[in-house]
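Encoded as structure tokens, the structure appears first; notes follow it.
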Amino acid sequence: MPNPRLLFYDLGEGATAFTTTRHGGCGSGPYAGMNVNPYCGDSPEAVAANTELLAAALGIAPGNIVMPHQTHGTEVRMVASELFALPQATRRMLLEGVDAVMTDVAGVCVGVSTADCLPILLHDPEHHAACAVHAGWRGTVARIAQRAVAAMAEAYATRPAALRAALGPCISLGCFEVGDEVYQEFAEAGFPMQRISRREAKWHIDLAECNRLQLAEAGLDPQSVAVSGLCTYSRPDDFFSARRLGAASGRLFSGIMLRGGATPAPR
């Protein structure tokens with residue numbers, strides 16, 4: 001079985017940050033390739049096999065990959081070492097309805113799933129902490145990126161100016177066509193519409209730019225925010241896209257893992 005091909009980001013020493021692609025792994029049809037998301041209708045056997053492959057590539061136990069069940073909300077969950085002593089059912093319950101996960105535990109990969117939405121990975125090298133954020137248009141309007149930065153500041157004393165961030169593949173401005181009601185939600189939330197939108201036959205929204213501006217407003221150095229610029233919709237051979245494949249299809253997994261220090265015992 002082919003190994004997963006990962007897209008890596010440089011967020012500084014002490015962290016491994018990446019996004020999976022459709023290359024490697026197993027699966028068929030709209031799940032063909034590297035899907036590790038158990039919530040999107042793929043076969044449990046394929047998800048488990050792909051999770052094993054990803055864990056092997058990262059050098060950790062599969063149980064040390066932490067993935068929430070996202071609901072396009074703004075809940076940020078802290079992942080501490082105690083989580084790994086809990087039964088699997090309890091772990092899943094604690095990760096239900098969560099759209100951002102953060103940790104300061106080494107050897108734990110926290111991540112989020114996307115298939116056109118924007119994944120954001122944050123690394124605090126000063127306090128050895130990390131966060132993965134799922135920013136769809138609803139989460140973006142609700143400023144989940146800024147909520148995640150604030151949560152890291154409260155939990156780990158993170159200084160926003162010290163954070164490094166990567167904005168992974170998502171649907172691009174040219175491909176993200178929205179209705180007037182979605183445009184209006186962004187406008188009413190106070191975003192600079194002249195910078196994040198464009199009118200064609202319908203309105204188009206730039207998710208990546210909107211979140212990049214949010215991070216700058218939260219205090220991140222713009223030079224420390226890397227934007228992949230890769231469009232999931234226009235590159236379906238490389239990335240899963242729900243708009244192309246439908247909701248019953250695979251998801252990309254964007255994760256960040258802290259290196260060094262003790263790691264939780266495999267379960």
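Consider the range 197-248 and keep the residues that are without any contact (Cβ under 8 Å) to a residue 24 or more places away in the chain and among the hydrophobic types (A, V, I, L, M, F, W, C). The one that is nearest to C117 (Cα to Cα) is L213. Out of everything in the range 72-106 that is β-branched (V, I, T) and more than 14 Å from V133 (Cβ to Cβ), what residue ends up being nearest to the chain's Cα centre (by Cα)? By that ranking, first place goes to V105. Report, ordered by the first and then the second residue, all pairs with beta carbons closer than 8 Å, sequence separation of six or more or different chains, a first member in the range 71-97 that is at positive phi, and a second member that is open to solvent by less than 80 Å² (accessible area, probe 1.4 Å) and part of a helix (DSSP H, G or I). Here the result reads H72/G139, each pair linking the range 71-97 to a residue that is open to solvent by less than 80 Å² (accessible area, probe 1.4 Å) and part of a helix (DSSP H, G or I).
The set of residues in the range 98-107 that are touching a residue at least 60 places away in the same chain (Cβ under 8 Å) and of a type outside the set (S, T, Y) comprises D104, V105, A106, G107.
When the range 13-69 is limited to residues that are over 17 Å from S113 (Cβ atoms) and among the β-branched types (V, I, T), the one that is nearest to the chain's Cα centre (by Cα) turns out to be T16. Of the residues making up the range 71-112, those that are among the small types (G, A, S), out of contact with any Leu (no Cβ under 7 Å at 6 or more places or on another chain) and open to solvent by less than 30 Å² (accessible area, probe 1.4 Å) are G73, G97, A100, G107, G111. Figure legend. Inter-residue proximity from the range 28-57: first residues acidic (D, E), second residues part of a helix (DSSP H, G or I), beta-carbon distance below 6 Å, spacing 6+ or different chains. Indicated pairs: D42/Y31; E52/P62.
The values are calculated or read from the model by the stated rules, or taken from the named source; none is laboratory data. Worth saying up front: this structure is predicted, and the values here are computed from it rather than measured. Please note: Cβ atoms are built from the backbone with ideal geometry, for glycine as well, and neighbour counts cover all protein chains shown. In case anyone asks, the SASA skips ligands and DNA or RNA and just uses the protein heavy atoms, side chains included. Shrake-Rupley method; radii C 1.70, N 1.55, O 1.52, S 1.80 Å.
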